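Engineer: I have a structure I would like to understand better, so I am pasting it below and will then ask my questions one at a time.
The values are calculated or read from the model by the stated rules, or taken from the named source; none is laboratory data. Being a predicted model, the structure only gives us computed values, none of them experimental. No Cβ is skipped: glycine too gets one built from the backbone with ideal geometry, and neighbour counts run over all protein chains shown. Areas reflect the complete protein model, heavy atoms only, side chains present, ligands, DNA and RNA absent. Shrake-Rupley method; radii C 1.70, N 1.55, O 1.52, S 1.80 Å.
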Amino acid sequence: MLSDPVFQRDVWLAGVDGYGDVTDAVYRLVEDTWLDNWSAEKYVGTIFRDSQEAALVDTAVLRVLRIMHQVGPDAPVAAYLDHQGWPDAVRAARDAHVRMSVSDGEDPDTPPKSLEVLRILTRSA
C-alpha cells in the first residue's frame, strides 16, 4: 500500500472501503514490530532475511514516520500524497517491498489485499 502510488490514488484518495487509510498502513508497518523505536536490523533472521533488507525497511519506515509526524496521524490522505517528501517515501517503500516480495517468490506488482483478506491470511489456527 505504501509502495503503490496507483493504489494510493485509486483506493485511499478515492475513499474505497476495506483497505484502511495511510495511518492504518503506517501503524501496521511499525506497531507490531516497534520499528519506530529500533532498527529493523534487530529482526534479521526472524522477520528480515539480511541486513540489506532491514536497511531498506528502516529507510522506508523513517521517511513515512517523518511525514506522519509532520502532517499528523489524522490528516487526510491528500496531505500525505501532497507532502514534498511523499514520493521519496513511496520509492523507499517500493524498494523494500520489491526486495522482500522477490525473496519470498512473490510478484511485487500484485495489488494490495484488503484488510479482511489480510485478517484471514494471518488468522492463527
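Engineer: Carbon and sulfur together cover what percent of the accessible area of segment 1-88 at a 1.4 Å probe radius?
Structural biologist: Accessible surface attributable to carbon and sulfur in segment 1-88 totals 52 percent.
Engineer: Quick check for you: with a 1.4 Å probe and neighbouring chains kept, what is the accessible area per residue of the chain, in Å²? Could you put the intermediate results ahead of the total?
Structural biologist: Details: 7520 Å² over 125 residues.
Accessible surface, normalised per residue, equals 60 Å².
Engineer: For mean projected area of the Cα convex hull in nm², one of (1) 8.1; (2) 13.1; (3) 7.7 was computed from the structure I shared and the rest are decoys. Which label?
Structural biologist: Looking at mean projected area of the Cα convex hull in nm² for this model, the match is (3).
Engineer: Taking the Cα-to-Cβ direction at ARG49 and at ALA14 and moving 7 Å from each Cα, how far apart do the two end points lie in nm?
Structural biologist: Each label point is offset 7 Å from its Cα along the Cβ direction, giving 3.3 nm.
Engineer: Could you size up the charge dipole of the chain around its Cα centre, putting +1 on the beta carbon of Lys and Arg and -1 on that of Asp and Glu, and report it in debye to the nearest 20?
Structural biologist: The dipole magnitude comes to about 120 debye.
Engineer: If I histogram all Cα-Cα distances within segment 1-55 using bins 5 Å wide from 0, what percent of pairs lands in each bin?
Structural biologist: 4, 19, 20, 19, 14, 14, 9, 2
Engineer: Work out the charge dipole of the chain with +1 on the Cβ of Lys and Arg and -1 on the Cβ of Asp and Glu about the Cα centre, then indicate which of THR59, SER39, ALA96 is farthest towards its positive end.
Structural biologist: SER39
Engineer: Follow-up question, since we're still on this one. Counting only the backbone N, which residues of segment 4-29 are under 18 Å from the spot 7 Å out from the Cα of ILE120 toward its beta-carbon?
Structural biologist: Residues 17-20 fall inside that zone.
Engineer: Of all the Cα-Cα pairs you can form in segment 29-75, what percent are over 14 Å apart? Don't skip to the answer; put the middle values down first.
Structural biologist: Numbers: 536 of 1081 pairs.
Distances greater than 14 Å cover 50 percent of the Cα pairs.
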